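Taken together, the values in this text are just the output of simple stated rules run on the coordinates, not laboratory data. Since we're looking at a predicted model, the values are computed, not measured. No Cβ is skipped: glycine too gets one built from the backbone with ideal geometry, and neighbour counts run over all protein chains shown.
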Amino acid sequence: MTALDVRSARPDQLVSGDKGKWEIIVGLEVHAQVTSQAKLFSGASAAYGGDPNAHVSLVDAAMPGMLPVINKFCVEQAVRTGLGLNAKINTKSRFDRKNYFYPDLPQGYQISQFKDPIVGEGEIEIEPDGDDPVTIRIERLHLEQDAGKSIHDLSPSETFVDLNRAGVALMEIVSRPDMRSSKEAAAYFNKLRAIVRALGTCDGNMEEGSMRADVNVSVRRPGEEFGTRCEIKNVNSTRFMQQAIEYEARRQIEIIEGGGKIDQETRLFDPDKGETRTMRSKEDAHDYRYFPDPDLLPLVIEQAWIDQIKASLPELPDAKKKRFVSEYGLTAYDAGVLAGDSEASAYFETVAKGRDGKLAANWVTQELFGALNKGGLELSASPVKAEALGALLDLMKDGTINGKIAKDVFAKMLETGDAPGAIVEREGLKQVTDTGAIEKAIDELMAANADKVADVQKNPKAFGWWVGQTMKATGGKANPAVVNDILKKKLGV
Ligand code: MN
């Protein structure tokens, strides 16, 4: 690939070295664990956790004579993901052996797809915060097995091997080197995560390692050929990804400006130190001696099956975002936040159904997300369920409570998990629309503040004081519109 067939960075994305400007080039290889009960070539459980070596079949342990059998559901998941990435599905693909030795890989090779992956070229659109959308091309998606896990920290002198993960299906999604900043790389990863979660093909759980990225970083002077890249292995959060890219680009720029050369190598990011360090010199494909796995036939799938899967795809984040803008009148930003996560969008739609969509979005993105962030809670653990938040909006709409009291009620809902109606009842928070009670409060205020009555008649700005005092006198429960009307009449303003 030459520099010409890829986009150039925007001027504001260039990084300054001591001797001029540099462009950062990023490509991602994302490993996404396929959501499936069983492994890619065996019936053993693919569940996370479990006692060490409890989810290991004879195939996963590579016992002599065992034969792999393809899991059709994993193939379906890969096809579904490919369709979600607007990619070409290859009706004929093939599994290859990628040979290397590691104690947690008893076969001595990983079954992967090298020459003929199941999914070919695709593309997705990303919208980095505040920037115009950018299209990121996808080179391929292939299916492969995960390896087991070596555990080095249980004993000073021994390494333990847990094969529970060995043979679990992974989708490796390879992008083109189309990203030009750490921000774009994070936006791409997040978009990918939103898509696979919406599709139900990967749970996107980064703590459990369900999604991790190998990040390829290089630098070049604007308009020149790509430089030598380094690959940062197994980055499992977008925050670390951004730190790693920024550190790595800076490191490369310093080497090149100092007259040095970049060695193509595989590096690790150390989150404690915030830096990348050498892991091993980069191997090339030929080092793995790939060859077609003789235990597996070529994978041939029918177009009719692909069409059937396509017809069953759920609404994806981009389409959902557009619909939220047109159907509920949300801003593009709010729509993006809500549509980007299937749980958030389902929550929002439950609240918004039959109600004011914009108001619902405000409450979800501001009050609710704000409170959950503060408490370090996931949406699924929210003490306030969507139906309850909807009921709170209903209480405002029918005039039972005003907006200010609603915030107090919401705080109590978060605290207790109680229904809003019960809280309003229990705490006597019903809005006072009874004009008699409001008039009485105003009369008392006027009698006690004759000077201020004279003042407000000359100075309209003093009106706010009267509203505030009346609300205070009614415990914040008065209907603000009614208060305004009566005040204006009585004060003659
Ligand atoms: Mn891989």
Between helix 480-491 and the chain, what is the angle of the helix's C-alpha long axis to the longest principal axis, kept within 0 to 90° and rounded to the nearest 10? 30
Nearest 20 debye, what's the magnitude of the dipole of the range 435-491 about its Cα centre given +1 on Lys and Arg Cβ and -1 on Asp and Glu Cβ? 140
A chain fully extended from Ala391 to Val325 at 0.36 nm per residue, minus the present Cα-Cα distance, gains in nm 21.4 nm
Quick one: if you stick a label point 7 Å off each Cα along the C-beta vector at Lys489 and Asp287, how many nm between them? 8.6
Summing -39500 (n - 2.57) over every DSSP H run of at least 4 in the chain, dividing by its residue total and rounding to the nearest 500, the 222 nm mean residue ellipticity is -11500 deg cm²/dmol
Let me check against my output: what whole-number percent is the relative contact order of the chain, with C-alpha pairs under 8 Å and at least 6 apart? 14
Between Arg7 and Ala54, what FRET efficiency follows from the Cβ-Cβ distance if R0 is 35 Å, with the result rounded to 0.05? 0.15
Would you please give the residues with an amide H less than 5 Å from that of Glu265, counting only those at least 5 places away or on a separate chain, with H modeled from the backbone geometry? Glu231, Lys282
Which residues qualify? For Met179, with a placed amide H closer than 5 Å and at least 5 residues away or on another chain, they are Val26
At 20 °C and 1.002 mPa s, grab the translational diffusion coefficient of the chain from Stokes-Einstein with a Kirkwood Rh over Cα pairs, rounded to a whole number in µm² per second. 80
Ordered by residue, what ³J(HN,Hα) values in Hz, to whole numbers, does the range 243-255 give under the Karplus form 6.51 cos²θ - 1.76 cosθ + 1.60, where θ = phi - 60° and Gly and Pro are x? 4, 5, 5, 5, 5, 5, 4, 4, 4, 5, 4, 5, 5
Between Asp132 and Asp153, 0.36 nm times their residue separation minus their Cα-Cα distance comes to what? 3.0 nm
Please report the relative contact order for the range 314-427, taking Cα pairs under 8 Å with a sequence separation of at least 6, and give it as a percent rounded to a whole number. 19
Under a crude label model (7 Å from the Cα following the beta-carbon direction), how far is Glu439 from Glu225 in nanometres? 8.9
Got the relative contact order for the range 435-491 handy, in percent, Cα pairs under 8 Å and 6 or more residues apart? 42
Taking Cα atoms, the helix 342-352 axis meets the longest principal axis of the chain at an angle in degrees (rounded to 10) of 20
Relative to the longest principal axis of the chain, what angle (0 to 90°, nearest 10) does the C-alpha long axis of helix 317-328 take? 20
So who's got an amide H within less than 5 Å of the one on Ala38, skipping anything under 5 residues away but keeping other chains? H placed 1.01 Å off N, in plane. Ala46
May I ask you to evaluate 6.51 cos²θ - 1.76 cosθ + 1.60, the Karplus curve with θ = phi - 60°, for each residue of the range 383-393 and list the ³J(HN,Hα) values in order in whole Hz, giving x for glycine and proline? x, 9, 7, 4, 4, 5, 5, x, 5, 5, 4
What FRET efficiency would be calculated for the residue pair Ala448, Asp356, taking the C-beta separation as r and a Förster radius of 45 Å, to the nearest 0.05? 0.70
Could you give the dipole magnitude of the chain about its Cα centre, charging the beta-carbon of Lys and Arg +1 and that of Asp and Glu -1, in debye to the nearest 20? 1180
Output ³J(HN,Hα) for the range 64-73: one whole-Hz value per residue in order, computed from phi by the Karplus curve 6.51 cos²θ - 1.76 cosθ + 1.60 with θ = phi - 60°, and x for Gly and Pro. x, x, 6, 10, x, 10, 5, 8, 4, 5
Of the residues Gly120, Val69, Tyr48, the Cα lying farthest along the dipole of the range 1-152 towards its positive end, which is defined by charges on the beta carbon of Lys, Arg, Asp and Glu, belongs to Val69
With +1 on the Cβ of every Lys and Arg and -1 on the Cβ of every Asp and Glu, and nothing else charged, how large is the dipole of the range 314-427 about its Cα centre, in debye rounded to the nearest 20? 260
Distance in nm between label sites at Gln303 and Gln37, each 7 Å beyond Cα in the beta-carbon direction? 3.3
Dipole of the chain, positive end: most advanced residue of Thr238, Leu372, Ile89 [Cβ charges, Cα centre]: Leu372
Note: Met63 to Asp18 extended length (0.36 nm per residue) minus current alpha-carbon separation gives 10.5 nm
